[in-house]
Amino acid sequence: MTKNFLLVLDRSAGRLLSLVEHPTRAGALQARFDTEKQHRQDPSIEVVVLTAASEQALRRTHARYFDDVRQMASGGLRHVPEARPVADRAVRRTAPGFAG
């Protein structure tokens, strides 16, 4: 059984503002439309509905919504030995426009 999640992100800050599970897809989509109306004047706010078996699965498959830039760089490149120095440098600094 899949679950429906409404995510609200602040792209300029690089962070998740809210995560709400909805029992039905229709309910999640209605909440999305309502939330988009609330934030229509702010182009940095992204509102999405995603489905997954669990919140844990969602966090694994859509890490960009949950991890900051340093976590993504470290996690994504740690398995490639040649890329490890690049990941280490990325972890040491914060990219402009992202929280960290």
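If I filter segment 68-87 for residues that are modelled with pLDDT under 95, touching a Ser or Thr at 6+ places or on another chain (Cβ under 9 Å) and outside any helix (DSSP H, G or I), do I get at least one hit?
Scanning segment 68-87, I find at least one residue that is modelled with pLDDT under 95, touching a Ser or Thr at 6+ places or on another chain (Cβ under 9 Å) and outside any helix (DSSP H, G or I), so the answer is yes.
Conditions tested, residue by residue: (1) in a strand (DSSP E or B); (2) open to solvent by less than 20 Å² (accessible area, probe 1.4 Å); (3) of a type outside the set (Val, Ile, Thr); (4) closer than 15 Å to Arg64 by Cβ.
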{"site": "Met1", "(1), (2), (3), (4)": "no, no, yes, no"}
{"site": "Asn4", "(1), (2), (3), (4)": "yes, yes, yes, no"}
{"site": "Leu7", "(1), (2), (3), (4)": "yes, yes, yes, yes"}
{"site": "Ala13", "(1), (2), (3), (4)": "no, no, yes, yes"}
{"site": "Ser18", "(1), (2), (3), (4)": "yes, no, yes, no"}
{"site": "Glu21", "(1), (2), (3), (4)": "yes, no, yes, no"}
{"site": "Gln30", "(1), (2), (3), (4)": "no, no, yes, no"}
{"site": "Glu36", "(1), (2), (3), (4)": "no, no, yes, no"}
{"site": "Asp42", "(1), (2), (3), (4)": "no, no, yes, no"}
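Which residues, taken from segment 38-57, are over 11 Å from Glu21 (Cα atoms) and either in contact (Cβ under 8 Å) with a residue 12 or more places away in the chain or β-branched (Val, Ile, Thr) (or both)?
His39, Ser44, Ile45, Glu46, Val47, Val48, Ala53
Give me a count of the residues in segment 52-63 that are exposed (fewer than 13 other Cβ atoms within 10 Å of the Cβ) and either polar (S, T, N, Q) or over 11 Å from Lys3 (Cβ atoms) (or both).
Total satisfying the criteria: 3.
The values are calculated or read from the model by the stated rules, or taken from the named source; none is laboratory data. Just so it is clear, the model here is predicted, and its values are computed rather than measured. No Cβ is skipped: glycine too gets one built from the backbone with ideal geometry, and neighbour counts run over all protein chains shown. Note: areas computed on protein heavy atoms with side chains; ligands, DNA, RNA excluded. Shrake-Rupley method; radii C 1.70, N 1.55, O 1.52, S 1.80 Å.
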